[in-house]
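Here the structure is laid out as structure tokens; the discussion comes afterwards.
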Amino acid sequence: MSHAPSTDEAPEPGASGRRPRKVVVLVSGSGTLLQALLDASAADPACGYSVVGVLADRADAYGLARARAAGVATAVVALRDFPDRTTWDEAVVRAVEAFAPDLVVLAGFMKILGAPFLTRFGDRTINTHPALLPSFPGAHGVADALAYGVKITGSTVIFVDEGTDSGPIVAQRPVLVEDGDDEETLHERIKVVERALLVEVVGRMAREGWTVTDRKVTLG
Ligand code: GAR
């Protein structure tokens, strides 16, 4: 699968002579990764992307407040408001579709997305995970790495697929585990690295496009 940076719509000239790629961010919690994306695009209009929408699966996700403060449209699609996972998933698709994204970023989104979402957006949805995949997938990547006793962990950006954190790897960056680390201290250091990595990856995907051949992801 291959994505050129500009294809489907007429360009709106900006600093780079091309319209920014539209990014939708999905969050469940505090949204510091989202904030990094917002700050980077505000600081550099030529970064290549613009966050056009933020969706949360819970109304109290602080990421929603960050989006509103930045003037970005928001949507809440809570699983408990739907009779089953498939209808919830379909509602997420509709909400994301309304923003017509070029790229969807899961940034601390703690729900697994199913077939309806993957069919529609799987070719353009990335997730960031606080461990070096394929080690320590799932919702407790930091605690699991710590419990295993690894000396190096880190951050991984992947394409989303039908498995749990099992999609093609876009980028990875290491973080050393220090004596005395607990889950909180280690996760905070990983998140510093994660924010920078995500900003870099989203910018490059927006500006340069990407290709996925088997499991190998190439940017540019
Ligand atoms: C990040 O560390 C992200 O990798 C993780 O949640 C945190 C969100 O931080 N996501 C997962 O663990 C998904 N399996 P934030 O709310 O401060 O942006």
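Here are the numbers for the structure shown:
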| quantity | calculated |
| --- | --- |
| Longest exposed-site-free window of the chain, the sites being GluC sites (Glu not before Pro) in a DSSP loop that have at most 11 other C-beta atoms within 10 Å | 10-177 |
| Trypsin sites (Lys or Arg not before Pro) within the stretch 105-211: DSSP coil, no more than 10 neighbouring Cβ in 10 Å | LYS151 |
| For the chain: relative contact order, % (alpha-carbon pairs under 8 angstrom, 6 or more apart) | 21 percent |
| The stretch 30-97: trypsin sites (Lys or Arg not before Pro) in DSSP loop, at most 10 other beta carbons within 10 Å | none |
| Relative contact order (percent, whole number), the stretch 52-139, Cα cutoff 8 Å, 6+ residue spacing | 24 percent |
| Positive minus negative residues near ALA59 (Lys, Arg vs Asp, Glu; Cβ under 15 Å) | +2 |
| More than 34 Å apart - percent of Cα-Cα pairs taken over the chain | 10 percent |
| Dipole in debye (nearest 20) - the chain, about Cα centre, beta carbon charges: Lys, Arg +1; Asp, Glu -1 | 560 debye |
| Charge context of VAL212, other residues only, Cβ under 12 angstrom, K/R +1, D/E -1 | 0 |
| Cβ-based net charge around PHE82, under 15 Å, with every Lys or Arg adding one and every Asp or Glu removing one | 0 |
| Shape of the stretch 92-220, Cα gyration tensor, a/c cut at 1.5 | prolate |
| Rounded D (µm²/s) - the stretch 23-102, Kirkwood Rh over Cα pairs, Stokes-Einstein at 37 °C, 0.692 mPa s | 254 µm²/s |
| Residue of VAL27, VAL150, VAL76 that the Gaussian network model of the chain assigns the largest fluctuation, springs spanning Cα pairs under 10 Å | VAL150 |
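Every number in this text was worked out from the coordinates using simple rules, so none of it is lab data. Computed from a predicted model, the values in this text were never measured in an experiment. Backbone-built Cβ (ideal geometry, glycine too); neighbour counts: all protein chains shown.
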